[in-house]
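Notes for the one structure printed next.
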Amino acid sequence: MKSINFLIKPVSSMCQFSCKYCFYKDVSSYQSNHEESVMSYELAKKIISEAMTHTEPGVNINFGFQGGEPTLAGIEYYKNFVKLVDEMKSHQKVHYSLQTNGYLINDEWCKFFKENHFLIGISLDGFKDNHDYYRLISKNPTYDTVYKAIQKLDEYGIPFNILTVLTKSLCKRPKELYEFYKKENFEYIQFIPCIDDINNKTPYATSGYLLEQFYKKFYIEWLRDLNHQNMHISLFDDLLNILNGQLPLKCGALGMCQPNFIVESNGDFYPCDFYAIDQYKMGNILDASLEDLSLNNNYRLFNSFDNTLHNTCKNCKYRGICNGNCKRMRYLFVNGQKCNYRNFLEFFIIEIKKEMNRR
Ligand code: SF4
Ligand code: SF4
């Protein structure tokens, strides 16, 4: 095994924000023993010890922290975590990342992130009016606070990605969003399509059609400006990597689930953030080894339950570079013989070829 990914939720779904589209509250309602507590020192130690015991020297171990809002665990939680890793690792390569709403980010956090080489994902839904409509704290807007947090990360030279949720309404404003990112000189941007909850519809969810239109229009702006900006869009980077015969970073970009371990604050393990529900619970690290959890039936079921590949995908000329995409996203794009993602791929390839010929 070359790498192993832990996505740790040290406070599970606890968060100061109440974003209108938050899907995590929905997912956690499908966990029968869901708790909102801070992960204990003993539990963090057990996870690290299992990770180190079951991996060989040279393996990349990625510890990603997410929530809820993971900074609510307090900075001491992370200081202890890093200290334990340093004490227990034996030639594995350890990488840290953390996704935050930015609310608590201050000098102390920035110093810590810098010293320990954290990659940060910070949620900003584009320009102020859009961000402040969706991302609220006690019904109050949060844009200004998050913007200051981004400036702080920048000031300390901490690498960060801007994470933007593509709601139905934002998908209709690609040019404005592009201009905003360009004006702000943001370098790394990741789009997160807002999708329906597992069993319920959300009024903010986008559609395959809107995403196709958004991606195409944003892409054209980005492509035309290629010589004048240094903006990396994770979706475009992944597609370019795939077209160049390299592996994409995003889970599911080639239709396959990556081996991920999602860890709740009580030690429960799940195979995917989208499917952190009882049906796919792998067990609890407090009473099982990492090996036991990997052999768990639910985990195997999750990795084999993909019998949902449409005939449209099986016969698609882009199967080699898509293979049905992430199974949670697929339903959004494929409808009968049509696929909005295929339309976008077609467009992406034609336009990049035109651009190359112009050079
Ligand atoms: S369902 Fe999608 S996000 Fe989840 S593990 Fe599979 S490909 Fe990755
Ligand atoms: S039909 Fe769409 S989702 Fe399926 S393989 Fe083709 S592009 Fe991918």
Roughly what % antiparallel, to the nearest 5, for the DSSP beta bridges in the range 130-255? 20 percent
State whether the range 165-257 is rounded, prolate or oblate according to the following rule on the C-alpha gyration tensor (a ≥ b ≥ c being the square roots of its eigenvalues): a/c under 1.5 gives rounded; otherwise a/b larger than b/c gives prolate, and the remaining case gives oblate. oblate
Students often forget the sequence filter, so: which lysines lie under 20 Å Cα-Cα from Lys201 once same-chain residues fewer than 8 apart are removed? Lys20, Lys25, Lys168, Lys172, Lys327
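Kirkwood Rh over alpha-carbon pairs of the chain, then Stokes-Einstein at 37 °C and 0.692 mPa s: what D in µm² s⁻¹, rounded to an integer? Could you put the intermediate results ahead of the total?
Details: Rh = 21.5 Å.
Translational D for this selection: 153 µm²/s.
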Residues meeting the amide H criterion for Ile8 (H placed from the backbone, H to H distance under 5 Å, 5 or more places apart or on another chain) are Gly64, Phe65, Gln66, Val263
q = 0.22, 0.26, 0.30 Å⁻¹: log10 I(q)/I(0) that the Debye formula gives for the range 132-178, counting C-alpha atoms only: -0.96, -1.06, -1.08
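Taking the DSSP beta bridges in the chain as the whole, what percent of them are antiparallel, to the nearest 5? It would help to have the intermediate numbers written out before the result.
Values: 8 of 40 bridges.
Percent antiparallel among DSSP bridges in the chain is about 20.
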In straight Cα distance, which aspartates and glutamates are under 16 Å from Lys152, not counting same-chain residues fewer than 8 positions off? Asp107, Glu108, Glu115, Asp144, Glu184, Glu187
Within the range 135-169, list the residues whose amide N lies under 17 Å from a label point set 7 Å along Cα→Cβ of Lys93. none
Out of Glu115, Glu176, Glu187, a Gaussian network model of the chain with alpha-carbon springs under 10 Å gives the largest mean-square fluctuation to Glu115
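Could you work out how much longer the chain between Glu355 and Arg300 gets when fully extended? Use 0.36 nm per residue separation minus the Cα distance between them, nm to one decimal. Mind showing how you got there, number by number?
Details: separation 55, 0.36 × 55 = 19.80 nm, distance 4.37 nm.
Extra length from Glu355 to Arg300 when fully extended: 15.4 nm.
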Given Cβ point charges of +1 (Lys, Arg) and -1 (Asp, Glu) and nothing else, what value in debye, to the nearest 20, does the dipole of the range 1-149 about its Cα centre take? 200 debye
Quick check for the range 42-149: number of Lys pairs with alpha-carbon distance under 22 Å, counting only pairs 8 or more apart or on different chains? 23
For each of Ile4, Ile285, count neighbouring Cβ atoms within 10 Å of the residue's Cβ, then give the residues from fewest to most. Ile4, Ile285
Expressed as a whole-number percentage, the relative contact order of the chain with C-alpha contacts under 8 angstrom and at least six residues apart is 18 percent
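No lab work stands behind these numbers, since they all come straight from the coordinates. Because the structure is predicted, anything quoted here is derived from the model rather than measured. Virtual Cβ from ideal backbone geometry, glycine too; neighbours counted across all protein chains shown.
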